[in-house]
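Student: This is the structure, below, for whatever I ask next.
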Amino acid sequence: MTADNLSKTVVSTRVRLARNLEGYPFPSHLKDEKQAKEIIRLVSSGLSRVDGFNSPDEFRLYYMDAVSEEEALSLKENHLISPKLIENRRYSAALINSDKSISIMLNEEDHLREQCIVKGLELRPAYEAMSQIDARISASMKFAFDEQLGYLTACPTNLGTGLRASVMFFLPALTINGVMPKMIRSISRLGLTVRGIYGEGSEAEGYMYQISNEVTLGVSEEEILSSVEDVVRKVCALEENERNVLKGGASSLDLRDNCLRSYGILTNCVKLSTSELIKLAANVKLGACLGWISLADVSLIDDLVVKMRPSNITAAAQRQLSAVERDMYRAEAVGKYLKKLIG
């Protein structure tokens with residue numbers, strides 16, 4: 001598979017480390033708000049003493065009980081925090097760096113959920129970036145660790161390395177051709193799992209799926225990264241084959257028509273809901289991947305969908321909008337952007 005084809009299938013890479021501080025109950029057993037805030041202060045203070053992370057602008061601390069509902073949802077829409085962190089907002093917080101590639105969720109399921117998200121297939125660079133920060137934080141505080149079990153975590157599936165390496169895919173051909181169920185079963189036998197766009201329990205919107213390791217105990221970080229990368233490349237090859245089937249199949253004319261009609265709607269509609277955008281943008285992206293729509297960088301479609309989610313629109317408009325106003329704002333912004341990008 002060429003680098004160009006890889007970039008049209010792999011959306012992003014995320015590496016996440018689960019950690020807990022020694023001497024403190026897991027977040028699910030934190031009943032004392034004072035103790036929860038102490039954990040937040042300890043980690044925040046430890047991070048500020050990390051070499052190379054001394055700038056006050058490098059990481060910003062968000063107390064979840066101090067941010068608005070809209071801001072919290074915007075952080076979630078940008079994959080910087082999880083829905084669970086919002087649910088536990090009385091006790092939780094997040095540290096997010098200036099370019100929003102690294103976030104550290106505090107008092108989510110574990111005391112620390114450290115994650116790095118980058119575009120494309122970048123498992124090792126993402127792990128290296130996260131590992132360096134993790135090592136420096138641990139220099140000023142002690143993580144809960146057992147010689148046999150490794151890092152101790154709230155969920156047994158994270159015991160050991162505490163490493164979850166996941167890759168976000170755009171898999172329209174495997175989905176349309178009905179191959180996804182079989183592929184999901186094959187992947188599960190390899191110790192990996194397939195989830196939706198927002199992780200466990202979420203749906204696969206716009207042909208987007210996450211594939212990640214399930215096993216973290218009894219395997220090294222390198223073994224996890226290698227196994228995930230091996231599966232990623234195999235999935236990309238399968239998707240490429242299925243795209244060739246789509247393009248050369250009897251229904252290719254109807255599919256091309258659908259992709260171009262989707263572009264037409266997005267550039268001419270007056271109102272546009274989030275669900276409509278996700279569906280139609282996926283069709284436009286598929287058309288670009290199959291060479292029917294002229295777009296060199298298909299990742300720009302992914303960026304657009306994220307920017308046009310409800311709370312991100314409210315943040316961009318800098319005022320509270322009604323549902324209809326949001327749909328009108330979204331339609332105008334998407335139309336202008338795509339005409340400039342493709343037209």
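Student: Considering each residue of the stretch 309-332, count those that are out of contact with any Phe, Trp or Tyr (no Cβ under 7 Å at 6 or more places or on another chain), open to solvent by less than 50 Å² (accessible area, probe 1.4 Å) and closer than 19 Å to residue 265 by Cβ, and give that number. Don't jump to the end; show me each part of the working.
Tutor: If we filter the stretch 309-332 for residues that are out of contact with any Phe, Trp or Tyr (no Cβ under 7 Å at 6 or more places or on another chain), which is where we start, we get 309-312, 314-316, 318-320, 322-332.
Remaining after also requiring open to solvent by less than 50 Å² (accessible area, probe 1.4 Å): 309-312, 314, 327, 330-331.
Still in the list and also closer than 19 Å to residue 265 by Cβ: 309, 327, 330-331.
Of the residues in the stretch 309-332, 4 are out of contact with any Phe, Trp or Tyr (no Cβ under 7 Å at 6 or more places or on another chain), open to solvent by less than 50 Å² (accessible area, probe 1.4 Å) and closer than 19 Å to residue 265 by Cβ.
Student: Within the stretch 281-299, how many residues turn out to be more than 21 Å from residue 204 (Cβ to Cβ) and either of a type outside the set (Phe, Trp, Tyr) or part of a helix (DSSP H, G or I) (or both)?
Tutor: So in the stretch 281-299, the residues more than 21 Å from residue 204 (Cβ to Cβ) come out as 291-297.
Remaining after also requiring either of a type outside the set (Phe, Trp, Tyr) or part of a helix (DSSP H, G or I) (or both): 291, 293-297.
Residues meeting the conditions: 6.
Student: Report, by residue number, each residue of the stretch 200-259 that is under 30 Å from residue 18 (Cα atoms) and part of a loop (DSSP other than H, G, I, E, B).
Tutor: We begin by selecting, within the stretch 200-259, every residue under 30 Å from residue 18 (Cα atoms); these are 200-236.
Passing the criteria: 200, 201, 202, 203, 204, 214, 215, 216, 217, 218, 219, 220.
Student: Residue 4 is checked against (1) in contact (Cβ under 8 Å) with a residue 60 or more places away in the chain; (2) open to solvent by 20 Å² or more (accessible area, probe 1.4 Å); (3) closer than 30 Å to residue 302 by Cβ and fails just one. What number does that condition carry?
Tutor: Answer for residue 4: the failing condition is (1).
Student: One residue is enough: does the stretch 158-172 have a residue meeting the conditions open to solvent by 50 Å² or more (accessible area, probe 1.4 Å) and either farther than 15 Å from residue 228 by Cβ or in contact with a Leu (Cβ under 9 Å, 6 or more places away or on another chain) (or both)?
Tutor: In the first step, residues of the stretch 158-172 are kept if they are open to solvent by 50 Å² or more (accessible area, probe 1.4 Å); the result is none.
No, the conditions are met nowhere in the stretch 158-172.
Student: Right, next: Give the stretch 38-66 a look and list any residue that's modelled with pLDDT of 90 or more and open to solvent by less than 20 Å² (accessible area, probe 1.4 Å), or say none.
Tutor: 39, 40, 43, 62, 64
Student: Just checking, which of 262, 212, 275, 251 is within 17 Å of the chain's Cα centre (by Cα) and polar (S, T, N, Q)? Break it down into steps so the answer makes sense when it comes.
Tutor: Numbers: 262 fails: within 17 Å of the chain's Cα centre (by Cα); 275 fails: within 17 Å of the chain's Cα centre (by Cα); 251 fails: within 17 Å of the chain's Cα centre (by Cα).
Result: 212 is the single residue among 262, 212, 275, 251 that is within 17 Å of the chain's Cα centre (by Cα) and polar (S, T, N, Q).
Student: Looking at (1) in contact with a helix residue (DSSP H, G or I) (Cβ under 9 Å, 6 or more places away or on another chain); (2) open to solvent by 50 Å² or more (accessible area, probe 1.4 Å), which is the one condition that is false for residue 223?
Tutor: Going through the list (1) in contact with a helix residue (DSSP H, G or I) (Cβ under 9 Å, 6 or more places away or on another chain); (2) open to solvent by 50 Å² or more (accessible area, probe 1.4 Å), residue 223 breaks only (1).
Student: Could we say that residue 274 is touching a Pro at 6+ places or on another chain (Cβ under 7 Å), surrounded by 15 or more Cβ atoms within 10 Å (Cβ to Cβ) and among the hydroxyl-bearing types (Ser, Thr, Tyr) here?
Tutor: Details: touching a Pro at 6+ places or on another chain (Cβ under 7 Å): yes; surrounded by 15 or more Cβ atoms within 10 Å (Cβ to Cβ): yes; among the hydroxyl-bearing types (Ser, Thr, Tyr): yes.
Yes; evaluated as a whole, the condition is true for this residue.
Student: If you check residue 144 against the conditions, is it touching a residue at least 40 places away in the same chain (Cβ under 8 Å) and surrounded by fewer than 22 Cβ atoms within 10 Å (Cβ to Cβ)?
Tutor: Working: touching a residue at least 40 places away in the same chain (Cβ under 8 Å): yes; surrounded by fewer than 22 Cβ atoms within 10 Å (Cβ to Cβ): yes.
Considered against the rule, which asks whether it is touching a residue at least 40 places away in the same chain (Cβ under 8 Å) and surrounded by fewer than 22 Cβ atoms within 10 Å (Cβ to Cβ), residue 144 comes out as yes.
Student: Determine whether the stretch 190-199 contains at least one residue that is open to solvent by 50 Å² or more (accessible area, probe 1.4 Å), outside any loop (DSSP other than H, G, I, E, B), touching a residue at least 40 places away in the same chain (Cβ under 8 Å) and over 17 Å from residue 234 (Cβ atoms).
Tutor: Keep residues of the stretch 190-199 that are open to solvent by 50 Å² or more (accessible area, probe 1.4 Å), which gives 190, 195, 198.
Narrowing the set further to residues that are outside any loop (DSSP other than H, G, I, E, B) leaves 195.
Subset that is touching a residue at least 40 places away in the same chain (Cβ under 8 Å): none.
Among the residues of the stretch 190-199, not one is open to solvent by 50 Å² or more (accessible area, probe 1.4 Å), outside any loop (DSSP other than H, G, I, E, B), touching a residue at least 40 places away in the same chain (Cβ under 8 Å) and over 17 Å from residue 234 (Cβ atoms), which makes the answer no.
Student: Here is a further query. Scan the stretch 93-120 residue by residue and report those that are surrounded by 21 or more Cβ atoms within 10 Å (Cβ to Cβ) and out of contact with any strand residue (DSSP E or B) (no Cβ under 6 Å at 6 or more places or on another chain).
Tutor: Across the stretch 93-120, the qualifying residues are 107, 108.
The values are calculated or read from the model by the stated rules, or taken from the named source; none is laboratory data. Bear in mind that the values here come from a model prediction, so they are computed numbers and not experimental data. Because the Cβ atoms are built from the backbone with ideal geometry, glycine has one as well, and the counts that use them run over all protein chains shown. Only protein heavy atoms, including side chains, enter the accessible area calculation; ligands, DNA and RNA are left aside. Shrake-Rupley method; radii C 1.70, N 1.55, O 1.52, S 1.80 Å.
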